[in-house]
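Beneath this line is the structure, given in structure tokens, with notes to follow.
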Amino acid sequence: MHFPLPPVELAFVIGVISGFILALPVGPINLTIINEAGRSGFLKGLVIGFGATLMELVYVGIAFTGLASFVVDPFVMSLLELCSFVFLIYLGIRFLGLKSILNAVELGKTDRALDKKWRNRVETRWTPHSAFGMGVIRVFANPALLVFWVVVATNFLGRGWVDPEHKFTIVACIAGVGLGTQLWYAFLSWLVSIRHKSLSEPAMLRLARMTGVILLVLALVHGVSLAWSIARHRMHQRFQLRPRTELKTPIFPSGGVVEDWNKDGNMKDSNDSRV
């Protein structure tokens, strides 16, 4: 799939869109923003989102820089793309089949001891530093996000949306992810703050299931693209293995003049010159 945009601009736009969409799943950080913004207002939710976005960008950077060295190996990239396809289907089905919002939290498990220790320190009073740290620790204690971004980075690198040889495209994509992710957290904080209460469990379940549908659609698109790439590769191999047709060899008549072939495939004497 090709887009009429320069590489850096394309990577940035893809990053913004993916950052916004992939921040939708209901997990520990979204639930924290919903609860805190509902109790303390928009600003606290926004600052928590800043902390979460910063830590998530660390994971995104690790994912892209770690995969850049594998892009040159087609077999490794094909294997990673297949794994990402299966992973997207798994997440989509899990989110679509949620019966309780507690199951959504289980999909994004954190280090509970670390998370509890931090919450005991920061929940006593609301300061920008404590809210920012809450966002950082919620993402840091959820290393599954790193696996998730490895899957996403595999897709982007495999499709050529991010060029590992063009370092600015990686930087642009990471910046776009940060902007898109923070836009979602800001919107969620604003939505909850104007309601002056947390979202109800049915509303959060609908959001989680909508996320499942989006992930399944992305998996379908990725699967079709992967199947097309495999089919195109096989067609290319068949074309290369096809035996070449015999070439017509020039004929040397007794006079020593090489005869040529006209457009109809018939011989014509090179002495026959027509103006």
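The values are calculated or read from the model by the stated rules, or taken from the named source; none is laboratory data. No experiment lies behind these values; they were computed from the predicted model shown. Here the Cβ positions follow ideal geometry from the backbone for every residue, glycine too, while neighbour counts run over all protein chains shown.
Here's the yes/no breakdown for (1) free of Cβ contacts under 8 Å to residues at least 60 places away in the same chain; (2) closer than 15 Å to L191 by Cα; (3) of a type outside the set (F, W, Y):
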{"site": "P4", "(1), (2), (3)": "yes, no, yes"}
{"site": "L10", "(1), (2), (3)": "no, no, yes"}
{"site": "S18", "(1), (2), (3)": "no, no, yes"}
{"site": "A37", "(1), (2), (3)": "no, yes, yes"}
{"site": "G41", "(1), (2), (3)": "no, yes, yes"}
{"site": "Y59", "(1), (2), (3)": "no, no, no"}
{"site": "F64", "(1), (2), (3)": "no, no, no"}
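Only a single criterion out of (1) aliphatic (A, V, I, L, M); (2) under 16 Å from the mean Cα position of the chain (by Cα); (3) modelled with pLDDT of 90 or more is not satisfied by A52, namely (2).
Considered as a group, the residues in the range 1-42 that are among the β-branched types (V, I, T) and either touching a Phe, Trp or Tyr at 6+ places or on another chain (Cβ under 7 Å) or in a loop (DSSP other than H, G, I, E, B) (or both) include one that is surrounded by the most Cβ atoms within 10 Å (Cβ to Cβ), and that residue is I33.
Working carefully through the options L218, L191, L226, L205, find the one that is in a helix (DSSP H, G or I) and either at pLDDT 80 or above or of a type in the set (G, A, S) (or both).
So the residue among L218, L191, L226, L205 that is in a helix (DSSP H, G or I) and either at pLDDT 80 or above or of a type in the set (G, A, S) (or both) is L191.
One residue stands out among those in the range 153-171 that are of a type in the set (A, V, I, L, M), outside any loop (DSSP other than H, G, I, E, B) and surrounded by 22 or more Cβ atoms within 10 Å (Cβ to Cβ): the one that is farthest from the chain's Cα centre (by Cα), which is I170.
L98 meets all of the listed conditions (1) assigned to a loop (DSSP other than H, G, I, E, B); (2) at pLDDT 80 or above; (3) among the aliphatic types (A, V, I, L, M) but one, namely (2).
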